[in-house]
Structure formats: C-alpha cells, structure tokens
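Computed from the coordinates by the stated procedures, all read-outs in this text should not be read as laboratory data. Fair warning: this is a prediction, and the values are worked out from it, not measured in the lab. Note that we place each Cβ from the backbone using ideal geometry, even for glycine, and neighbour counts take in every protein chain shown.
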Amino acid sequence: MKRLLAFSLAALPFPLAAADWPQFRGPDSAGTVADATIPAKPKIDWTAPLPGRGLASPIIIGKKVFVTCSSGPKQERLHVFCFDSDDGKKFWERQLKATGRTMSHPKTSIAACTPCSDGKRVFALFSSNDLAAFDLDGNLLWLRGLTVDYPNVSNSLGMASSPLVVGETLVTVIENDSESYTVGIDVKTGRNLWKLERPKAANWSSPVTWRADAKSAPVVVLQSSKGLTGVDPVTGSVLWNYNEGASTSSSSVVAQGVIYAPSNGITALSPKADGSAPERVWRSNQVNPKTISPVILDGKIFAFNSAGVLASAEIKSGDAKWKLRLTGPFSGSPVGANGRLICVNEKGLVQIVDVTAPEGALAGQLQLPLKEGSKEMVLSTPALSGKNVFIRTDSALWRLGE
Amino acid sequence: MLSRLIVLPATIALASLAPLRAAVEDSVKTLAATGREGSGNEAASAAWKAVVGEGPHALLALLAATGKSGPVTDNWLRLAADAIADAALHAKQPLPLAELEAFLKDTKNADAARQLAFDLIAKADAALAEKIEPGLVNDPVQELRRGAVARLIAAAKARTGDDAKGAYLHALDAVRDEDQTNEIAGALKKLGMTVDLAKHFGFLMKWDVIAPFDNTNQKGFDTVFPPEREVKTDAEYDGKAGKVKWKTVESKDERGKFDFNKPFGSLKGVTGYAVTTFDSATEREAELRLGCKNGWKVWLNGELLFSRDEYHRGSQMDQYKMKCHLKKGANTILVKCCQDEQTEQWTVEWEFQLRVCDSTGAAILAAK
C-alpha cells in the first residue's frame, strides 16, 4: 500500500495553471482545455519572426510561449525560443548544433517534435534526437544526444514523436527501423530511468497518458504499428498490450478513462487495472484519421480523413454523425474549445468549425499572410491559452485573438 | 616608494583575478567532463550556470575546451558561450572581439571552437563578421567557407562570358557544400563547361560486384556471406538462386550511384556486395561518406565502420559520414547492400553512392 502511495505521489505532475498548454495537443494530449476560447472570427494580434523552419507546436507556460525551429543548409542549427505571450517580445533564445543526422523528407524539418514542460522545465527534442532541458528562464539544465548514445537511432524521413512528461519521467519515443527504443528520462538529471526496446519500425506517433480515474497512477500509452502498450512511467515495465495494430502517424486521444486509438479506423479501448488486454468498447471506420490526430469535444470525436473531410462520431457508441468538407490539405491536427474546432491547412488558411451546429458549420476563416514568394507551409497543430490561439509556421509564431 | 605603491595595487588586482580564473576553469572542466547517456549532467548543470554568471571573460576558456570532448559536450560549451554573449549584449557590455578574431584565425584551434568564435563575432558585431568572412574561403571548416563561397557565386553572377566562367571556376575550387556546387556547376553548364561532379566530389566509380545472396525476411543483413570472410574476386559462391561470380562494373552516374539492378535485374529479398581498392597517396585521416536507402554495411581494410538496417526511407549524398584512417597505398572498401521485399514502386532502388573525402568534404582522389 505504501509502495502504491509513493508511486502515485511520485507520478503526480507539477501543478500547471489553467491557461497552460504544456505539450503536443495540450493538457493530457487532449487537444482541448476547459478554460480556453477559440474566436469565431479570429484576427492576428502579433507575429514573431523565426529564423528557421519547424512543425513543432508552440507550448505555453504562464505568460511564456516556447517554440523550436531549425536553420542552416542542413538544418543543423537547432533553436529554442521563449516569447512573451502578451506581445510576442523575445524573452530568450538558445541555439545548439545537431549531433545526430539531420536528413528528413523535404516537407518536414528537424524541429518536428513539439517540446513539453512540467511547469518548471522545458524539454526540447529534435529530429536529430538532440534533447535539451532548460528552466523557464533559459538556463540549461541538461543535454542528451540520443544518436550519440545510440548511433543507429534515426529515421531518414525524419523523427517526429513529441515527448511527454509523466511525473518525474520524460517519455522520449525514438522508434525507427533500426535501433528502436522508448526511453524514460529523469526530468531532473537527463539520465535514463529506463530504456525499452520497441518494434523496429518507423514511428511518428506520440505517447499519451491514461489513468483509470483521477486517483490512479498514470500509465504511459505507447503506440506503434503493432498496437498499443501500457507502460509504468516510473519503472518502464510493460503493463499491458493491445496487438491489433495502430497508426504510426496519428496519435491516440484519451477521455474519461477510455483510449480512442487510430487503429482500424478508431477503436475505443478500456484498459484493465489487472494488466490484461484492454477491452474494446467500439470500433468504427467511419472516423478514420490517416496522419492527423483526432480530438474529442462535447462528447464527440473528430478526425480528418486524407481528403480533408472532418468526420465526427459519438464517443460513447462510435455512431457516425455529420461530416464536413473543409479546405485542405491538412497536416496539423485540429484542437477545440467552447464548441469550436480550429483547423489550419498547409497553406495557412485558418478555419473555425462550429461543432454545435446540427451538421457542423464553418464559423469563420482567416488566411495567414505567409512569407511571399516562399514555399512556406503550415504543418503544425495550434496551441490554445485563454482567449488566444498560437500557431507556428515555417517563418513565424502567430498569436490570434478576437 | 612610488613604484612600490603602483606595484602593490596591481599585485592585489592580479591576485583577485586568480580565483575568478580558477572558478571559470573549474566550471569549464566540469562541462567538458560530460559524456554519454547524460553522465556528468548533474554537475554540469550547476557549472553551466556558474560559468555563464562569469560573463565575457569566460568566453576564451569555453572556446579552448570546445571540439575536444565530443559534440554533446560542445553543445554544453556553445550554449554557455551563447548565453554569455546574449547577456553581455543586452547589458551593452563588450565581448572580447579582438581575442575572438585571433582565436578564429588560428587554424590550429579545433574546428567546432573556431566556428563558435565566428558565431559569437557575428552576433556581437555583424560588420566585423562581414569583413572577416571573405578571408575564410579556403578555411578548413566546411561551414565557415560557406559564406565566402556565397560571395564568390554572387560576384560570378554579376559577370558575363569568360569573366563569369573564371569567377565560377574560382568558386568551384573553394566550394564544399552540395547545394552550392550544384549552383556553380549549373551556371558553368550554361556557359558551355561541364563539371565532372563525380571527380569533384570524389565518388568511387569502379567496383567489383557480386549478387544475389539471400535477404528473405531481411535476414541477410546479419548473415555472413562469403565476401565478408574473404575478398577474392575470382571466386564463385552459392548465391540465392545458383552460383554467383564477381563482375567488374563502372558507374556512369554523375553522383557515383551504383545500381545493383542493372547487372543483376530488379530483384527483391537479396543481398549484394561491392568491393574496390582505394590507393591513398599518404597515410591520413579521412571520411567515407555514403548515400543509401537500403540496408548496408561498410568495411575498410576488413574493419566494419558502420551498418544500418533501414529500408527505403530516403537517400541523399553524404547521408552517413564515417571517420576512418587510410593507410598509404591500397585500401580495400567493401560495401554490403541489402534489398528488402517491399513491392511498392518507390522500393525498387537497390543502390549506393560512396566517396572519400576530408572533414571539409573536399574529395580525396585516388593516387592511381
């Protein structure tokens, strides 16, 4: 019992503020946060230029916005920025050089993994498998060069899985065709707590956290082409497996103790406390995310198919609801709040969807004025905080408001 | 008496500087002690903050330690130097630019350290960096050359006819980066001159090749087939579908790509080998740089340099850089290239390109 209590306390995250968006797809990787507001008719509040490319989403802690990018002819210059969320003024910038390989598909970049934070530290991971931890004031806390440590950890198309903090463990997915691991790293020291051998296959999906209920210890859910694996974030022990395959691009989403996995369409799974395989609640290929992650809002799950059609289904039953064709193509995932989804296509067209309308409806649009004459694309997922939306493109960080 | 009065404060001042220097040295030593899998991180975290707090007078010590303990340690040092520079510039405090410039100009200093020195100069005084940059056109650091080469290309673009040709050829002598080389070669082609890119980059074009051995279920990657035990180009072995013998081939590709599909047919689930002899004029350090989208292994004089079992995720020039030591005279380079069983159109390639160069990417050509 004491052991269980200690486990639970150790795994408790540092308290984050209501307006914080600490990782890819925000608190609990849910793509939504209760206190945020998405404006129906967004306008640009400010823009902060970036010296390099990237598809890593911004994250927000307090009034600080953190974003990464990569620059140089081989994208070997890795940047971590901290901006003032009020006005886009730069608080600090740190730059390191890639120690791992920087080859990637031309569409993606080395700043592909969204950084994450435990509220005290920021962890920036790049496709080169360079991993740096800073305090919120930009002081370097520790460094890792994961390709220096494990020389065959790389992907010639680029790595993209975003790290996740669970308690005192930074879960770092560095899975690929060759030397393939997920590493649990001590947030305080950057040292390995555990290293788990994973399927030898390229994997761009990001881990999520699952809890049976608010009082239970968190379980890290790793995803791969084989399926899902529940892992104890403290020890790295495998707790359970689901072996029916899953996407290697689109990530799962968790709501009320159920995992909605991009597996054979969407498969809703209810893990068991006894370590047995999760129970299937429902499965539907009517909502079929290809590369983009689903989001849950107001009792429905939403996902884009490869044709840019936003499909929805009831989360309790999987029953398909309305579909809405938006202007694509999309790479970034939608996020939602106050009955609205914000979806940004690759060309920088911001589209606000009213999900409370009987058949879903486009509530507003805004074209970001991307860099003229460039091939600039928007591949990232927006971040929400208060009444603002933060979007990063290949040349800038943008704050949208009402 | 007067002289004693003058000497005394100076002695006190020097004495008071000594602990400062020692503090910086201790911190830098701690940063330089970081190693694999985060070893030394705990102590380095405190040392980093301490050395950054010392301000610009710590920069030279950070530079002196850079390039000596591995790339991750270099990042600890670089991030400290960068943070010092940012804080100093914010406080309108000068950086020791003359010392940084002198450090940069001394090519005995480590490559990574000299690059850092240039970056600090550029951050503090863009005009000074602009002034220095053209002089770096033949620098031993590949990245430092780039700006100077860009200037030569820009100058060549402003010229016409033979003047332009001469200017582009001058740039071609200096260039090391692939994208800039392409730009120069493209411009020269328009001016009626074809650049031998294979020679420029140092791609190895002539190979003895043998295939197919098995790679069903990708098991051939770790199977030791006869060419790994002996390189005997007149030998015959049992292959995947009968006897196999070595063939001599020469790549006609301007980037030195050798395509196994050409002599052996479009096969899947197979393994091939290519061997060549590289005659080095001297004993020296070098790099073998490989581009390959198949599973591969590379040996130099019987020593495995690196291997990777990734298939069809992409290929590019200099995708893998392998540091090596060439002996004077004949050096045997053996490449194992494995093709998997995927059937998609984009998985047809069964090929590699390999070149011998120095650390700047300059071709090392065979002596004969």
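Key figures
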| quantity | calculated |
| --- | --- |
| Dipole of the protein assembly as shown [Lys/Arg +1, Asp/Glu -1 at C-beta], most positive-end residue of A:Ala36, A:Leu170, B:His90 | A:Ala36 |
| Ellipticity estimate at 222 nm from DSSP helix runs (n ≥ 4, -39,500 (n - 2.57)) divided over the protein assembly as shown, nearest 500 | -7000 deg cm²/dmol |
| Percent of Cα-Cα distances greater than 27 Å, calculated over chain B | 61 |
| FRET efficiency for A:Thr47 and B:Lys243, using Cβ-Cβ distance with R0 set to 51 Å, rounded to 0.05 | 0.15 |
| Semi-axis lengths (Å, descending) of the ellipsoid that matches the C-alpha gyration tensor of segment A:274-354 | 24, 13, 12 |
| Protection proxy ranking of B:241-248, B:303-310 - average other beta-carbon atoms within 10 Å, highest first | B:303-310, B:241-248 |
| Alpha-carbon radius of gyration plus Dmax, which is the widest Cα pair, for the protein assembly as shown in Å | 28.1, 100 |
| Three-way shape call for segment A:110-255 based on the alpha-carbon gyration tensor, with the a/c threshold at 1.5 | oblate |
| Dimensions in Å of segment A:293-332 - Rg and Dmax from alpha carbons | 10.1, 29 |
| Average other protein chain Cβ within 10 Å of Cβ, residues B:79-89 | 3 |
| Those lysines that a straight Cα-Cα span of less than 20 Å connects to B:Lys108, excepting residues fewer than 8 apart in one chain | B:Lys68, B:Lys323 |
| Value of relative contact order over segment B:2-136, rounded to a whole percent, pairs C-alpha under 8 Å and six or more apart | 19 |
| Per-residue average of Cβ from other chains inside 10 Å of A:136-147 | 6 |
| Residue-averaged beta-carbon neighbours from other chains (10 angstrom radius) around B:308-317 | 6 |
| Alpha-carbon centroid distance for the pair segment B:134-174 / segment A:343-402, whole angstrom | 42 |
| Those residues of segment A:18-49 whose amide nitrogen sits under 17 Å from the label point placed on A:Asp84, 7 Å along Cα→Cβ | A:45-49 |
| Between segment A:215-262 and segment B:15-93, the Cα center-to-center distance that results, in Å | 41 |
| Longest to shortest principal axis, alpha-carbon extents of chain A, angstrom | 54, 49, 37 |
| Cβ-derived FRET efficiency at R0 22 Å, A:Glu402 paired with A:Gln365, nearest 0.05 | 0.90 |
| Cα gyration tensor shape of segment B:143-195, rounded if a/c is under 1.5, else prolate or oblate by comparing a/b with b/c | oblate |
| Cβ-placed point charges (K, R +1; D, E -1), dipole of the protein assembly as shown about Cα centre in debye, nearest 20 | 340 |
| Links that overshoot a 28 Å alpha carbon limit, given the list A:Lys97/B:Lys262; A:Lys89/A:Lys195; A:Lys226/A:Lys316 | A:Lys97/B:Lys262; A:Lys89/A:Lys195 |
| Whole-number D in µm² s⁻¹ for segment B:201-357, Kirkwood Cα-pair radius fed into Stokes-Einstein, 10 °C, 1.306 mPa s | 102 |
| Part-to-part distance (alpha-carbon centres) for segment B:235-295 and segment B:96-121, which is given in Å | 42 |
| Residues of type lysines that A:Lys120 reaches as a straight line, Cα spacing below 18 Å, ignoring anything fewer than 8 places off in the same chain | A:Lys63, A:Lys64, A:Lys188, B:Lys49 |
| FRET E, pair A:Ala212, A:Ala18, Förster distance 22 Å, beta-carbon r, rounded to 0.05 | 0.40 |
| Length-normalised contact order of chain A in % [C-alpha pairs under 8 Å, at least 6 apart] | 17 |
| Intensity falloff of segment A:106-191 expressed as log10 I(q)/I(0), Debye formula with alpha-carbon point scatterers, at q = 0.12, 0.13, 0.16, 0.19 Å⁻¹ | -0.32, -0.37, -0.56, -0.79 |
| Cα gyration tensor, segment B:2-136 - rounded (a/c under 1.5), prolate or oblate | oblate |
| Under Karplus coefficients 6.51, -1.76 and 1.60, residue-wise ³J(HN,Hα) of segment A:252-263 in Hz, glycine/proline x | 6, 9, 10, 8, 6, x, 10, 9, 9, 9, x, 9 |
| Relative contact order (percent, whole number), segment B:282-368, Cα cutoff 8 Å, 6+ residue spacing | 40 |
| Whole-percent pair-distance distribution, where bins are 5 Å wide, for the alpha carbons of segment B:170-211 | 5, 20, 28, 19, 9, 7, 6, 4, 1 |
